[in-house]
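Beneath this line is the structure, given in structure tokens, with notes to follow.
The values are calculated or read from the model by the stated rules, or taken from the named source; none is laboratory data. What you are looking at is a predicted structure, and each value in this text was computed from that prediction instead of being measured. Here Cβ is always computed from backbone atoms with ideal geometry, including for glycine, and neighbour counts include all displayed protein chains.
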């Protein structure tokens with residue numbers, strides 16, 4: 001068994017589909033090789049919705065949440081926790097100035113979820129289990145700076161919202177979108193310093209893992225810097241087109257157990 005690799009795994013689109021359909025074949029293999037390697041989850045999800053998979057893998061390594069805005073190890077309090085936030089005023093001003101272009105918005109401070117309006121359409125994206133949901137105008141209920149925010153809007157407003165964030169915050173705050181069905185989008189507002197890749201480098205430094213032993217898997221636009229931080233960078237077949245440009249390898253889709261087949265073949269060759 002090859003050992004001492006640092007293997008970073010994105011969740012949704014990489015070993016998970018539709019929020020809760022797991023690629024058990026890949027997860028079982030990751031659990032097996034975690035005895036000799038460091039497996040790190042790198043996701044946009046909050047910790048509370050990462051925890052079931054973390055516990056399933058029976059690992060005790062750091063977790064990258066909110067796309068790198070929070071890094072901590074729930075089993076090792078000596079590991080230095082890091083948190084990156086945006087000012088709560090970003091959300092407050094966004095709703096004041098562009099509220100007409102937004103159906104809903106929510107943000108999080110640890111496990112407190114701040115939702116602008118009660119709305120069943122956005123419910124699947126809240127990952128509310130294990131969190132405390134507060135609903136109301138952020139100006140009235142949001143007392144701390146969140147790790148970022150998620151916008152739910154019609155696709156026709158995408159450029160308007162992007163231009164607003166870009167012009168107002170001069171590259172200190174970014175906005176990226178994911179397309180949804182029926183011409184809707186999710187937009188992620190985040191600090192420009194937020195990076196899965198930088199978080200992965202921090203973990204590699206902590207464990208003294210050389211670059212040549214860093215493997216990363218992803219499928220989304222938010223995984224670009226994650227793959228750039230890894231010598232062995234792997235894009236899923238179902239990936240965002242821009243991810244293929246930075247990946248050294250392409251594996252099968254999540255539905256076809258791409259993580260399992262790549263690792264099995266790669267380690268067999270070593």
Could you say whether any residue in region 117-124 is crowded, with 18+ Cβ neighbours inside 10 Å, part of a helix (DSSP H, G or I), in the same structural domain as residue 154 (by TED's automatic domain parsing) and out of contact with any helix residue (DSSP H, G or I) (no Cβ under 9 Å at 6 or more places or on another chain)? yes
Output the residue which, of all residues in region 125-138 that are part of a loop (DSSP other than H, G, I, E, B) and within 19 Å of the chain's Cα centre (by Cα), is surrounded by the fewest Cβ atoms within 10 Å (Cβ to Cβ). 129
The lone exception for residue 194 - which of (1) farther than 20 Å from residue 27 by Cβ; (2) not in a loop (DSSP other than H, G, I, E, B) it fails: (2)
By residue number, the members of region 139-164 that are surrounded by 17 or more Cβ atoms within 10 Å (Cβ to Cβ) and either free of Cβ contacts under 8 Å to residues at least 40 places away in the same chain or assigned by TED's automatic domain parsing to the domain that holds residue 48 (or both) are 158
Which pairs do you get when a residue that is at negative phi and touching a residue at least 24 places away in the same chain (Cβ under 8 Å), found in region 79-93, comes within reach of a residue that is exposed (fewer than 14 other Cβ atoms within 10 Å of the Cβ) and not in a loop (DSSP other than H, G, I, E, B), reach meaning Cβ atoms under 9 angstrom, with the pair 6+ apart or on two chains? 88/139; 91/139; 92/139
Residue 12 being assigned by TED's automatic domain parsing to the domain that holds residue 238 and either in contact with a helix residue (DSSP H, G or I) (Cβ under 7 Å, 6 or more places away or on another chain) or on the phi > 0 side of the Ramachandran plot (or both): no
